[in-house]
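Everything on this sheet refers to the single structure shown next.
Only the coordinates and a few stated rules stand behind these numbers; no lab work does. Computed from a predicted structure; not experimentally measured. Backbone-built Cβ (ideal geometry, glycine too); neighbour counts: all protein chains shown.
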Ligand code: BGC
Ligand code: CA
């Protein structure tokens, strides 16, 4: 081989190695170089119009703020899926491209997390799902998937118990004195784990407590106050003062029923007893002034705090909170019953 040829080959090799090193140092161009002092969290909710979810994300942001220090910064980006799973997938993709380290995802369609899981897994980004629970087979697909939420059955049982307890102490709820309680039920959202179990267990629990029920109507109202008001207005037109009890899968819809009763000009005995779930401030005030009779506190403070702690922990690779999770993946927050007796305790929060 001539001297010139050999020099040429050496030169080419040096260029190739330099190019490779440059690419490696820049993290292949796509991602920003990762730092241990900056945690980038992408939070994606299913919609921007859900007061319970918004209360929870506000608390989540507060938690992240409190966890910052001189040499540890947390950058939080909160977006919503606009009630469309495809849109939500795209938002997650953008967050991954922008270099996020951890994702907190409130799925639009809890049965369709596959695409999000695939994208995150490719870049090894942990996901903590919350509030809208994927099925267990999905969570178990990969070891960096977690879920923060509640035991839906517990909320249904607790709601049934508060209603049963109230009825025992207030026989006057049976306005027409036929020995049965005529009721309507407002349901959250078809297919949502909380809607299904709350409906089921609230009614089962009442029956177990020997309450004689007569179902007038079940109506879906998408967790939403306005929709529930419309449904209830129609129910009032149809059944009038026959309705003695309203059981609602959440507080927002219970407050929609309150609004419908108010607009119907109901007072005193006309007003059915109304029960919700969540313990949102408006509902606590409604219990305080007698427009609602009870709710079940869905502890969004606790869930937000766990989401924040887990996010930091998976980022750092620690194991303090993770070691306490059910099946290594699930955090289950406890519900609490709220009625006239203890409502002040929750209003003070
Ligand atoms: C809450 C609802 C909320 C829904 C959203 C439920 O756990 O009780 O108020 O609309 O989650 O997924
Ligand atoms: Ca009756």
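For region 100-257, the spherically averaged projection of the C-alpha convex hull amounts to 10.5 nm².
Largest mean-square fluctuation among 329, 110, 234, in a Gaussian network model of the chain whose springs join Cα atoms under 10 Å apart, belongs to 234. Going by neighbour counts of Cβ atoms within 10 Å, the residues 199, 111 line up, fewest first, as 111, 199.
Per the Kirkwood formula applied to alpha carbons, the chain shows a radius of gyration over Rh ratio, Rg over Rh, of 1.16.
Arrange the following residues from fewest to most other Cβ atoms within 10 Å of their Cβ: 70, 281, 143, 244. Before the final figure, lay out each step's value.
Working: 70 6, 281 14, 143 10, 244 24.
Ascending Cβ contact count within 10 Å gives the list 70, 143, 281, 244.
A Gaussian network model of the chain, with springs between Cα atoms under 10 Å, assigns the largest mean-square fluctuation among 67, 232, 158 to 67.
For region 322-349, the residues whose amide N sits under 17 Å from a probe point set 7 Å from the Cα of residue 165 along the beta carbon direction are 334-347. Counting neighbouring Cβ atoms within 10 Å and putting the fewest first, the residues 147, 201, 330 line up as 330, 201, 147. Largest GNM mean-square fluctuation across 149, 279, 268, computed for the chain with C-alpha springs under 10 Å, falls on 268. If you bin all the Cα-Cα distances of region 286-340 at 5 Å, starting from zero, the percentages per bin are 4, 17, 20, 17, 12, 9, 8, 8, 5, 1. When Rg and the Kirkwood Rh are both derived from Cα coordinates, the Rg/Rh ratio for region 133-211 amounts to 1.15.
Taking N as the number of residues in region 172-236, what is its Cα Rg relative to 2.2 N^0.38 Å?
Taking the Cα Rg and dividing by 2.2 N^0.38 Å, one obtains 1.21.
Here the simple spin-label model places points 7 Å from the Cα toward Cβ, and for residue 177 and residue 324 these points are separated by 5.4 nm.
Quick one: if you take sqrt(5λ) for each eigenvalue of the C-alpha gyration tensor of region 215-315, what semi-axes come out, biggest first, whole angstrom? Kindly include the intermediate steps, with their values, before the conclusion.
On the way: eigenvalues 203, 39, 19 Å².
Gyration-tensor ellipsoid for region 215-315: 32, 14, 10 Å.
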